[in-house]
2 protein chains.
Amino acid sequence: MSNFAIGVDLGGTNLRIAAVNEEGRLLEKVTLGTKVALGRDHVINDMCDAIRHLSDKYQTSGRLLGVGIGVPGIIDMQTGMVRESPNLPGWSDYPVRDEIEKRLQAPVILENDANVAALGEKWLGAGRHVGDMAMLTLGTGVGGGVILNGKIWHGMTGMAGEFGHMTVEPGGHPCGCGNRGCVEQYASATAVVRMAREAIATGDAPELAKAASSDAEFSAKEIYNLAIQGDEQAKMIFRRAGRALGIVLAGLVNGLNLEMYVIGGGVSSAWEALSPGIFEQLRERSMVYAATAPSDPASATGASANVEATGGRKTIITRALLGSDAGLFGAARLPMTGV
Amino acid sequence: MSNFAIGVDLGGTNLRIAAVNEEGRLLEKVTLGTKVALGRDHVINDMCDAIRHLSDKYQTSGRLLGVGIGVPGIIDMQTGMVRESPNLPGWSDYPVRDEIEKRLQAPVILENDANVAALGEKWLGAGRHVGDMAMLTLGTGVGGGVILNGKIWHGMTGMAGEFGHMTVEPGGHPCGCGNRGCVEQYASATAVVRMAREAIATGDAPELAKAASSDAEFSAKEIYNLAIQGDEQAKMIFRRAGRALGIVLAGLVNGLNLEMYVIGGGVSSAWEALSPGIFEQLRERSMVYAATAPSDPASATGASANVEATGGRKTIITRALLGSDAGLFGAARLPMTGV
């Protein structure tokens, strides 16, 4: 008999809902399309129906501890409202948490999606043996989360962890946030595709040009496929993305001296192509990393063994282990531990 | 009747020792030269004599809670040993804390000097009304400290807060740490003088050239004096230093979302010349700052009023208030609160 919670990953495209028990076992996962165009109330109805279905089904196996919801945007933790979410138009200034609590008669916690991904990796993934870690999530944009003493670090207004908008090239590519040279402009899926199109435009990237012309949905994944097949232009793009990540990581290692930094999100699948640039910059730019690096950082991808071997006094840089489920597990974890 | 502690600021040049009571009142301060050349044991003898003198003198007014010592270097908090200190040759791998505890029969805490400065500003200075803050100390180098929930954040190996070695120009000036373009290479006193000499070498900085030729100890202070007299070349140097600080601060604001960031150390006396570059970069580069900036950041130099007025939901960037005493107060605070 183990109590359980519901984790929700409210994406711009998919709405995923899972029942997870206190031991971290996934009881069931439901994936729906997020019908954003039908409006907020429609999405909340779908979500509540699915949550009710799961909680009814598993109520014999334990008590429902509550519902955690990961949202792609900035959350006001006090009011449980969405402050800003480009992918969820119409959700701002609406009492999302209170409305869902009223309908379900269960405690609900809203949280930023990159923060719940970090919490998921902390609970069951790469960070399960460490107390303090930071995570960068490389998706359409670059998100981030910080876990200190096992809990999400929110900062003063819930905006901590915006690592995607740290500057790596002061005069670099303009970013939607108003800055230039944010790491998001080099290490997101969007940036990888943009850099590939820039390479194609020079006329020196025939393989990339071929791939782009044969596919209307030319993606970071295809560029990675070319990289692992040995295409130099594709490899250079991921090397550049890795270097940008390495500059940000070097700063975080120097500033925070955490035990672990986890790279997740779709683009982290390209770890083999990203990691040389990451470790090159870390070694060059972080004296704290130089003093605390594992003897063979390249092998640190299977993080837990490494952490145990070094007694936790080494800085581990590693890829995430839970894939897109990190956010679901992290969201389900919220009602188990509180904010 | 108020208990008291002894704070020690063990610099490469001066050894300063103060008795401070629990209310934060300075009872007495002693300044000695640090006779580094005479060796570690000589310095420890001087220090212990002065501590004994002060503790005997004030023992009638309260109990001695212990001794805190700020050291310019990396400290192993567990062993109480100096791991690395370029300015204190011969101090590494020696049980400094245990030796002084044995001699004084009182609890002793060793701590990095930038960390104690941050703790001092938190206790009695710019940060006295906030819970979480970071501080950058602009001296010969650039040090840093992080205070979370009122306590120094040490990180995994006591190396957190090395903000001076965060990168602001990936291909910039080489730094002693092995990196290029560290903020220390633009915003330390050493860097200000270097940038002035670079300007003189171009032949376009006649006032700086005059000041440099008339004084063998051409310093950041003289360059600042020229800046406030309106010399464009001198102003540009501090604008550049401020911009470098602004890039690092923008990253810290985005990543940590703390309530306050304090700029201290000798070069922070040039606040009027530094702050335009700082706030320019913050506004351009930090979405979190843009969302949380006080309506008139330039007036935020008298921080406490501002923090109170905004209920602590604004990001305050401000200069330090305690000058070189921050480290003394912070060191004395250590035995009052524990590590």
| field | Residue count, region B:255-287 (criterion: at pLDDT 95 or above and over 22 Å from the mean Cα position of the chain (by Cα)) | value | 5
| When residues of region B:74-97 are limited to those that are free of Cβ contacts under 8 Å to residues at least 24 places away in the same chain and either hydroxyl-bearing (Ser, Thr, Tyr) or in a loop (DSSP other than H, G, I, E, B) (or both), the one surrounded by the most Cβ atoms within 10 Å (Cβ to Cβ) | B:Ser85
| task | Return the only residue of B:Gly120, B:Gly150, B:Gly139, B:Gly171 being over 15 Å from A:Leu256 (Cβ atoms) and in contact with a Leu (Cβ under 6 Å, 6 or more places away or on another chain). | result | B:Gly120
| request: Test A:Asp132 against the criterion of being of a type in the set (Asp, Glu) and within 14 Å of chain B (Cβ to nearest Cβ), and give yes or no. | output: yes
| query | So, in region B:145-159, of the ones that are at the interface with chain A (Cβ under 9 Å from one of its Cβ atoms) and more than 14 Å from the chain's Cα centre (by Cα), which residue ends up surrounded by the fewest Cβ atoms within 10 Å (Cβ to Cβ)? | reply | B:Leu148
| message | It is to be established whether one or more residues within region A:162-176 are touching a Ser or Thr at 6+ places or on another chain (Cβ under 7 Å) and modelled with pLDDT of 95 or more. | response | no
| query | Quick one: A:Leu208 ticks every box in (1) away from every other protein chain (no Cβ under 11 Å); (2) part of a loop (DSSP other than H, G, I, E, B); (3) surrounded by 16 or more Cβ atoms within 10 Å (Cβ to Cβ) bar one, so which box is it? | reply | (2)
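Residue by residue, here is whether (1) in contact with a Pro (Cβ under 9 Å, 6 or more places away or on another chain); (2) free of Cβ contacts under 8 Å to residues at least 40 places away in the same chain holds:
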{"residue": "A:His154", "(1), (2)": "no, no"}
{"residue": "A:Pro170", "(1), (2)": "yes, yes"}
{"residue": "A:Arg180", "(1), (2)": "yes, yes"}
{"residue": "A:Tyr186", "(1), (2)": "no, no"}
{"residue": "A:Thr202", "(1), (2)": "no, yes"}
| said: outside the structural domain of A:Lys151 (by TED's automatic domain parsing) and either touching a residue at least 60 places away in the same chain (Cβ under 8 Å) or within 17 Å of A:Gly12 (Cβ to Cβ) (or both): which single residue out of A:Leu104, A:Leu54, A:Leu110 fits that description? | reply: A:Leu110
| region A:250-270 - residue that is away from every other protein chain (no Cβ under 11 Å) and assigned to a helix (DSSP H, G or I) and, of those, surrounded by the most Cβ atoms within 10 Å (Cβ to Cβ) | A:Val267
| query | What's the number of the condition A:Ser61 fails, among (1) more than 18 Å from A:Ser92 (Cα to Cα); (2) at pLDDT 95 or above? | reply | (2)
| request: Out of A:Gly70, A:Gly66, report the one residue that is at negative phi and in a strand (DSSP E or B). | output: A:Gly70
| request: Within region A:187-204, identify whether any single residue is at pLDDT 95 or above and within 14 Å of chain B (Cβ to nearest Cβ), and answer yes or no. | output: no
| request: Among what's in region B:232-244 and is of a type in the set (A, V, I, L, M, F, W, C) and farther than 15 Å from A:Glu169 by Cα, pick the residue that is nearest to the chain's Cα centre (by Cα). | output: B:Ala241
| remark: Taking region B:73-96 and keeping residues out of contact with any Ser or Thr (no Cβ under 7 Å at 6 or more places or on another chain) and either among the β-branched types (Val, Ile, Thr) or at positive phi (or both) leaves B:Ile74, B:Ile75, B:Thr79, B:Gly80, B:Gly90, B:Asp93, B:Val96
| request: Go through region A:160-175 residue by residue and tally those that are within 18 Å of the chain's Cα centre (by Cα) and facing chain B (nearest Cβ under 8 Å). | output: 6
| query | Looking at region B:176-200, which of its residues are over 23 Å from A:Cys182 (Cβ atoms), over 14 Å from the mean Cα position of the chain (by Cα) and not aliphatic (A, V, I, L, M)? | reply | B:Gly176, B:Cys177, B:Gly178, B:Thr190, B:Arg194, B:Arg197, B:Glu198
| field | Single residue of region A:31-47 satisfying the filter (surrounded by fewer than 17 Cβ atoms within 10 Å (Cβ to Cβ) and in contact with a helix residue (DSSP H, G or I) (Cβ under 8 Å, 6 or more places away or on another chain)) that is farthest from A:Gln105 (Cα to Cα) | value | A:Lys35
| request: May I ask you to list the residues in region B:154-187 that are within 13 Å of A:Gly251 (Cα to Cα) and assigned to a strand (DSSP E or B)? | output: B:Thr167, B:Arg180, B:Cys182
| query | Of everything in region B:3-27 that's surrounded by 14 or more Cβ atoms within 10 Å (Cβ to Cβ) and farther than 16 Å from B:Gly70 by Cβ, which residue is nearest to the chain's Cα centre (by Cα)? | reply | B:Gly24
| query | Which pairs do you get when a residue that is among the charged types (D, E, K, R), found in region A:242-253, comes within reach of a residue that is surrounded by 24 or more Cβ atoms within 10 Å (Cβ to Cβ), reach meaning Cβ atoms under 6 angstrom, with the pair 6+ apart or on two chains? | reply | A:Arg243/A:Gln281
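The values are calculated or read from the model by the stated rules, or taken from the named source; none is laboratory data. Note that the coordinates shown come from a computational prediction; the quantities given were computed from them, not determined experimentally. Here the Cβ is made from the backbone with ideal geometry for all residues, glycine too, and neighbour counts use every protein chain on show.
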